[in-house]
1. Pairs please, first residue from segment 26-38 and surrounded by 14 or more Cβ atoms within 10 Å (Cβ to Cβ), second anywhere and assigned to a helix (DSSP H, G or I), Cβ atoms under 6 Å, 6+ apart in sequence or on different chains.
2. Tell me yes or no: at least one residue of segment 49-57 is over 30 Å from Q5 (Cβ atoms) and acidic (D, E).
3. Give just the number: which of (1) surrounded by fewer than 21 Cβ atoms within 10 Å (Cβ to Cβ); (2) touching a residue at least 40 places away in the same chain (Cβ under 8 Å); (3) in contact with an Asp or Glu (Cβ under 9 Å, 6 or more places away or on another chain) does F69 not satisfy?
4. Give just the number: which of (1) open to solvent by 20 Å² or more (accessible area, probe 1.4 Å); (2) farther than 19 Å from N79 by Cβ does L117 not satisfy?
5. Taking interchain pairs and intrachain pairs at least six residues apart, which have beta carbon atoms under 9 angstrom, with the first residue in segment 73-90 and open to solvent by less than 30 Å² (accessible area, probe 1.4 Å) and the second at pLDDT below 95 and part of a loop (DSSP other than H, G, I, E, B)?
6. Taking segment 120-156 only, how many residues are in a loop (DSSP other than H, G, I, E, B) and crowded, with 16+ Cβ neighbours inside 10 Å?
7. From the residues in segment 42-65 that are touching a strand residue (DSSP E or B) at 6+ places or on another chain (Cβ under 7 Å) and farther than 19 Å from G99 by Cα, which one is most open to solvent (accessible area, probe 1.4 Å)?
8. Just one of K125, K182, K186, K139 is at positive phi and basic (K, R); which is it?
Amino acid sequence: MTLQQWLELMDTGKEVGTDAEVRLMMHELSQEALRITAELNGSYHTPDEIREIMERLTGRPIDPSFGLFPPFYTDCGKNIKLGKNVFINSGCRFQDQGGITIDDGALIGHNAVLATLNHNPDPEKRNNLLPAPIHIGKKVWLGANVTVLPGVTIGDNAIVAAGAVVTKDVEPNIIVGGIPAKFIKKILKNSEFTGPLLHSQSGRE
């Protein structure tokens, strides 16, 4: 099985059972990702070096406007798509086998978890995987310690408050928070958020 064949299979969202070729490819990708992220997280790298390492991890070109503060963790990497002016803060964990797309201008806060795999709830099929993509829209802001679950789309300009667990789609131009994340308020142009600090983009402004 080639990488492209594997990606196409995962992007269908079909249940992944015990097929030997699929599992072998997943294992090989995880070992490569562990090696590359160990390099990324093991010592200081310039922004250009970080971008080069992330290009090897994802297998895709990454725009010079991309920013990341390590450490960063993933057990795949090859199904991550990053737009322009994306910033990922330290400690984030991406489980991207099912596909993670982050559009232009999105800000991902400290320790965010983006998970694209579920297991079959049937105990007899518990090892089977159910991939579902995550899509983070343009200029979305995920606060610190946010968790986004499989199959979720977060609409353009939305804000997810710190500590929220996002279990379903988020409309554009709103703020959500809580467990599970629920509507808090609409975002109005030039409005000010008066609630608690969501997270800091220290060194980014």
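1. I36/R56; I36/L57
2. Checked against the condition, which is being over 30 Å from Q5 (Cβ atoms) and acidic (D, E), segment 49-57 yields at least one hit.
3. Tallying (1) surrounded by fewer than 21 Cβ atoms within 10 Å (Cβ to Cβ); (2) touching a residue at least 40 places away in the same chain (Cβ under 8 Å); (3) in contact with an Asp or Glu (Cβ under 9 Å, 6 or more places away or on another chain), F69 fails exactly one: (3).
4. (2)
5. Here the result reads F87/Q201; F87/R204; N89/H199; N89/S200; N89/Q201; N89/S202; N89/R204, each pair linking segment 73-90 to a residue that is at pLDDT below 95 and part of a loop (DSSP other than H, G, I, E, B).
6. Looking only at that region, the number is 16.
7. P47
8. Of K125, K182, K186, K139, the one residue that is at positive phi and basic (K, R) is K139.
The values are calculated or read from the model by the stated rules, or taken from the named source; none is laboratory data. Everything numeric in this text was worked out from a predicted model, so none of it was measured. In this analysis, Cβ positions are derived from the backbone assuming ideal geometry, glycine residues included, and neighbour counts consider all displayed protein chains. Quick note on the areas: whole protein, heavy atoms, side chains included, nothing else; ligands and nucleic acids left out. Shrake-Rupley method; radii C 1.70, N 1.55, O 1.52, S 1.80 Å.
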